[in-house]
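The values are calculated or read from the model by the stated rules, or taken from the named source; none is laboratory data. Owing to the predicted nature of the structure, the values given are computational and were not obtained by experimental measurement. So basically every Cβ, Gly included, is an ideal-geometry build from the backbone, and we count neighbours across all protein chains shown. In case anyone asks, the SASA skips ligands and DNA or RNA and just uses the protein heavy atoms, side chains included. Shrake-Rupley method; radii C 1.70, N 1.55, O 1.52, S 1.80 Å.
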Amino acid sequence: MQSATRKLFLFLLTLLSTTAAATAQDNVFTGTNTGADRIRIAVADFKSGSGDTSLKATFDATLYSDLANAGIFDIVSKSLIPQTTPGTPSEITIAQWSAAPASAAMVAFGNISVQGGQLITNGFLFDANNAQYPQVLAKQYSDNATDDAARQTAHKFADEIIFRLGGGVAGIAETKIFYIHAAGGQKEVWQMDYDGANQHAVTHLGAISLSPRVSPDNTRVAFSSLGRDGFQIRMYSLLLNRMVNFSAAGGTNLSPAWSPDGRSIAYSSSRSGDPEIWISDVNGAIARRITSFKGPDVSPVFNPKTGSQIAWISGRTGLPQLYIMDVDGSGVQRMTDGGYATSPSWSPNGQFIAFAWNRKYGPGAPGGQDIYVMEVASKRWIQLTHDGGRCDFPSWSPDGRHIAYANTADGRDDHMKIWTMLADGTQKHALSSTGGDMPNWSWK
């Protein structure tokens, strides 16, 4: 049955109850909608030297897309920039770029060539309003002359620009998204670049796998997989390209989450009866239970800023609600005031939690499951998706400016896709084809 695994999650969460009314919230500022002006930047096509011009086209398109998707720039349309193609600092007339119609504050340009099987790229960033000392950045890159190398070089240069102009926050162009890909009755862990390129399988287990979570150092992926002992937490080494040991436990074990220091795994386990939140080391040993209350507790996630708190979903009061607690199980706080909440994801700065929420859930109540962001300190929230079908499994990018999530417009599980948006809900676009689900953004 196509929706069997998703229904397993819902079964663990669902207890019949009436919903509490949710109240209107004030604005919550998540980092991309704080009113700051965006930097107007022009991105010139790089000047071609010798070699394969198709690699230049790949580089140009990738760099433009990376900067357009960064969430901090106003990109000058290609139709408005000067028709010259500067390749070096001596070839650019900066006044042409700062003047109308381009009116650029910054200009990215450079040259690219293939020499002896190597792709050589020289990139520059100029301040168009500083005629005397315009150079902000100069970088040279050398890699194999392949299409993938051209993409990765563009990602590196984009991240350098974003770091310099984005307040010292590292860019995400080199980050990865891990997710579940469903096909042929199986669900495997897959990986793609942050922009949806280079989609490929990580695991080949021929089984049903769920909820991949990559380690903070990007060396391992924890996930849950269905085997002869039911759902168990499994571990895959990205360095060794094979499964590594994680001790099996009794009951159903789901939704692993890494501590920010990479030393602990939190997950939901029914080994003691009710699904509860447990924490173990990264091998599955020294496990301890941190929740103990009638009703299912699932989907833990650590506060990535401090590592001292966990957000999770609990059905202890009826329908599943969002809670936070200290890592020892104390200091429990209920965050949502009704509806049906699932799939929390804590922002990198520790200030916000993204989650899926159907605020109108209940018999006869219209509504839908959308992505929300809540400010932890005030419990104020904003709704990011609207009328686009069922949305679930939000995951923050490491710069805190983007959120990946799963969406199915018609409610069918086999039509689920991975989408991304800015953290204020704008610039939504699909990353995967159908069959993509449960995204998890790498930590860096």
Rounded to the nearest 10 Å², the 1.4 Å probe accessible area of M243 is 50 Å²
If the chain between A138 and H200 were fully stretched, how many nm would it gain, using 0.36 nm times the residue separation less the Cα-Cα distance?
19.0 nm
Share of the chain's accessible area from carbon and sulfur, percent, 1.4 Å?
50 percent
For Q83, what is the net charge nearby, where nearby means another residue's Cβ is under 14 Å from its Cβ and Lys, Arg count +1, Asp, Glu -1?
0
Heavy-atom surface of the chain, accessible at 1.4 Å and reported per residue (Å²)
41 Å²
Determine the calculated [θ] at 222 nm for the chain from helices alone, applying -39500 (n - 2.57) to every DSSP H run no shorter than 4 residues and normalising by the residue count; nearest 500 deg cm²/dmol.
-3500 deg cm²/dmol
Return the FRET efficiency for the residue pair A287, D387: r is the Cβ-Cβ distance, R0 is 45 Å, and the value is rounded to the nearest 0.05.
0.60
Quick one: of K78/K305; K294/K360; K56/K444; K360/K417; K78/K187, which pairs are farther than 30 Å apart, Cα to Cα?
K78/K305; K78/K187
By accessible area of protein heavy atoms, probe 1.4 Å, what ranking do S103, S142, S264 get, highest first?
S142, S103, S264
Charge dipole of the chain about the Cα centre (unit charges at C-beta), most positive-ward option of P320, F293, V43:
F293
For I94, the accessible surface traced by a 1.4 Å probe with all protein chains present amounts, in square angstrom to the nearest 10, to 20 Å²
Apply 1/(1 + (r/R0)^6) to the Cβ-Cβ distance of R242 and T434, taking R0 = 30 Å, and write down the FRET efficiency to the nearest 0.05.
0.55
Order the following by accessible area, largest value first: H386, H155, H204, H429. Probe radius 1.4 Å; ligands, DNA and RNA are ignored.
H204, H386, H429, H155
Would you kindly find the accessible area of K444, with a 1.4 Å probe and non-protein molecules such as ligands, DNA and RNA excluded, rounding to the nearest 10 Å²?
130 Å²
Measure out, as a whole number of angstrom, how far apart the alpha-carbon centroids of segment 297-353 and segment 371-425 sit.
16 Å
